[in-house]
1. Calculate the length of the line joining the C-alpha centroid of segment 298-333 to that of segment 25-94, in whole Å.
2. Helix by helix, which DSSP H runs in the chain go 15 Å or more along their axis at the Cα atoms and have an average Kyte-Doolittle hydropathy of -1.0 or more?
3. What lysines could a cross-link reach from residue 287, if we take a straight Cα to Cα line under 20 Å and drop same-chain neighbours fewer than 8 places away?
4. Among DSSP beta bridges lying fully in the chain, give the percent that are antiparallel, nearest 5.
5. How large is Rg/Rh for the chain, to two decimals, with Cα atoms and a Kirkwood Rh?
6. Once amide H atoms are built 1.01 Å from N in the peptide plane, which residues 5 or more positions from residue 242, or in another chain, come under 5 Å H to H?
7. Just to be sure I follow: if Rg is taken over the C-alpha atoms of segment 75-164 and Rh is the Kirkwood radius over the same atoms, what is Rg/Rh?
8. What residue among 306, 105, 237 has its Cα farthest toward the positive end of the dipole of the chain, where the charges are +1 on Lys, Arg and -1 on Asp, Glu, each on the Cβ?
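Values in this text are rule-based calculations from the coordinates and carry no lab data. Note that the structure is predicted; figures quoted are calculated from it, not measured. Virtual Cβ from ideal backbone geometry, glycine too; neighbours counted across all protein chains shown.
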Amino acid sequence: MTTLLITGGAGFIGANLVRRVLADRPDWNIVNLDALTYAGDLTWLADVLRDPRHAFEKADLADRAQIETVFDRHPIDWVAHLAAESHVDRSILEPEVFIRSNVLGTQNLLDVARKRGVKRFLHVSTDEVYGTLGAEGKFTEETPLAPNSPYSASKAASDLLVRAAVHTFGFHAITSRCSNNYGPRQFPEKLIPLMIANALDGKPLPVYGDGQQVRDWIHVDDHCTGLLAALERGRVGEVYNFGGECELPNLTVVKTLLSVLGKGEELLRFVADRPGHDRRYAIDCSKAKAELGWAPQRRFDEGLRATVRWYREHADWVARIRSGAYRDYYQLQYGGRLAPGSPPG
Ligand code: NAD
Ligand code: DAU
């Protein structure tokens, strides 16, 4: 048996990875470490919480003693590190939370994992560490790091801490950098679930700026397949990019969603832009294809329809989130932008 520690396993990608590992790796046990911040929620894992191969541990990576306790309780062989503060807009409002979880949290986890003899450590990072692209070109693993938001700067810092652990201590770590994920169980602060939830409620859809910023969309299932491939077959010290090979302007994504939902474009609202908004991301994932035998499989139109179905079927989950602390965040983030007379993009 291999015991895999997944951090952030109550979040969007982590919860999808937990379910995937339990289904596809019958000889692995999972320890799921998560602080259960606003983004962490065990509802969707209710069935797997009863699985004897899955142990949930509530712990905060910024507190090293709490990580030590988890390692005392379980014989951990491998780590997939996903826990992080993940939303760019929140990082603009409150950057220090990102330094605490993403930078200090990663260093604490690296130190404990190394001292406890962890044999493989996958650090899950983002294409945002590369900064922004013009109209041409794609990010490769050699693109210099040039993060532009407090979120991406904190992730770039964590990438460099992982690099240092490999270089200084010979620690067996691998880093992956992925483009924008979508799919079931994404917190409704992110573009696709926010637009689905607002459209279903007949509320305005806030498009930042001119809506022509480009993101490279990948289904979370394809990302999870890549994470397993990197964990099992990646070369120590290497970085692997994952992307969906699906570049789309935000406005196209939002209009496509309206059409899938059967709603009209009168719901669109062009609102003041995100400060420092990166214009275009696009990933060259040829290294992952060549070395890991990985490629994105899910078509965006099919994946988007399935995602819309998931959100329709889990309307109670979304309503519960949107009636809690999320309301205060939404007011802070969008109240001024959506108010009559607020500046257009
Ligand atoms: P998410 O916000 O949905 O989930 C993050 C999880 O981490 C939550 O369950 C939260 O409770 C937990 N967490 C946060 N701080 C913690 C701490 N200090 N200690 C323990 N747990 C803590 O995020 P996500 O979208 O699932 O992203 C997961 C990872 O993948 C992140 O590292 C993110 O940077 C990276 N990533 C995300 C995307 C994307 O499009 N969502 C793309 C590329 C990379
Ligand atoms: O590229 C990978 C990154 O993708 C991950 O590292 C991050 O964790 C993840 O949040 C995501 O970052 P983005 O900032 O690209 O995602 P978000 O869903 O917040 O926004 C996608 C695009 O849509 C971006 O150009 C901003 C725009 N947008 C977003 C929101 C929430 C809007 O126009 N309106 C909105 O209300």
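1. 22 Å
2. On the way: long enough: 12-24 (18 Å, 0.81); 105-115 (16 Å, -0.58); 150-169 (28 Å, 0.33); 220-233 (19 Å, 0.17); 250-261 (16 Å, 1.52); 300-313 (19 Å, -1.05); 326-338 (17 Å, -1.38).
Membrane-span-like by this rule: 12-24, 105-115, 150-169, 220-233, 250-261.
3. 138
4. On the way: 3 of 41 bridges.
Close to 5 percent.
5. Numbers: Rg = 19.4 Å, Rh = 20.5 Å.
My calculation puts Rg/Rh at 0.95.
6. For residue 242, whose amide H was placed from the backbone, the distant partners under 5 Å are 177, 178, 179.
7. Values: Rg = 14.1 Å, Rh = 13.9 Å.
When Rh is taken as the Kirkwood radius, the ratio is 1.02.
8. Of the candidates, 306 comes out farthest on the positive side.
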